[in-house]
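The values are calculated or read from the model by the stated rules, or taken from the named source; none is laboratory data. Bear in mind that the values here come from a model prediction, so they are computed numbers and not experimental data. No Cβ is skipped: glycine too gets one built from the backbone with ideal geometry, and neighbour counts run over all protein chains shown. With ligands, DNA and RNA removed, areas are computed over all heavy atoms of the protein, side chains included. Shrake-Rupley method; radii C 1.70, N 1.55, O 1.52, S 1.80 Å.
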Amino acid sequence: MNVFTEEQEALVNSSWEAFKKNIPQLSILFYTLILEKVPDAKDMFSFLKSFDGIPHNNSTLEAHAELIFEMTRDSAVQLRTKGKVDVADDVTLEYLGSVHVQKGVIDLHFM
């Protein structure tokens with residue numbers, strides 16, 4: 001049984017394609033929106049800690065946002081085809097979970 005529809009996968013894929021075309025600006029927007037909703041989240045990101053606001057032209061910030069969006073796209077594809085998600089080759093769910101626990105991420109932060 002598929003838990004993700006073809007339409008949902010297509011929406012995620014089209015969002016990924018749009019994101020790839022403008023990673024620098026959309027990365028800044030992504031983190032700006034996060035910090036507007038949860039200002040305390042700033043301390044959870046090493047590449048944001050020493051800045052007032054969101055740094056522009058920050059390759060670490062851009063790479064992190066790109067990774068998140070790419071993992072989202074890959075997860076959508078996997079949900080549609082396999083009904084489950086296997087994280088990237090060099091990243092495990094246990095590792096991602098441990099980093100989020102270490103940083104103090106709670107369910108509310110994902111909203």
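Modelled spin-label separation between Asp43 and Asp107, with each label point placed 7 Å from Cα along the Cα-to-Cβ direction: 2.4 nm.
Largest accessible area first, the listed residues Leu108, Leu29, Leu96 line up as Leu108, Leu29, Leu96 when surface is computed with a 1.4 Å probe on the assembled protein chains.
Take every pair of alpha-carbon atoms less than 8 Å apart whose residues are at least six positions apart; their mean separation over the length of the chain yields a relative contact order of 37 percent. Counting only whole DSSP H helices of the chain, the ones at least 30 Å long by C-alpha along their axis and with mean Kyte-Doolittle hydropathy no lower than -1.0 are 59-82. Taking 16 Å as the straight-line reach from the Cα of Lys20, the aspartates and glutamates in range (excluding those fewer than 8 positions away in the same chain) are Glu62, Glu66, Glu70, Asp74. Simple rule: put +1 on each Lys or Arg Cβ and -1 on each Asp or Glu Cβ in the range 6-110, find the dipole, and look at Leu96, Trp16, Ala41; the Cα lying farthest toward the positive end is Ala41. Remark: the range 6-110 carries a charge dipole of roughly 140 debye about the Cα centre, counting +1 on each Lys and Arg Cβ and -1 on each Asp and Glu Cβ. Straight-distance candidates among the lysines for linking to Lys37, with alpha-carbon spacing under 22 Å and chain neighbours fewer than 8 residues away dropped: Lys49, Lys103.
GNM remark for the chain: springs join alpha carbons under 10 Å apart, and the peak mean-square fluctuation among Ile28, Ile54, Ile68 falls on Ile68. Which label belongs to the value computed from this structure, given these candidates for Cα extents along the principal axes in Å: [x] 46, 31, 26; [y] 43, 40, 31; [z] 56, 33, 23? Recomputing Cα extents along the principal axes in Å here picks out [x].
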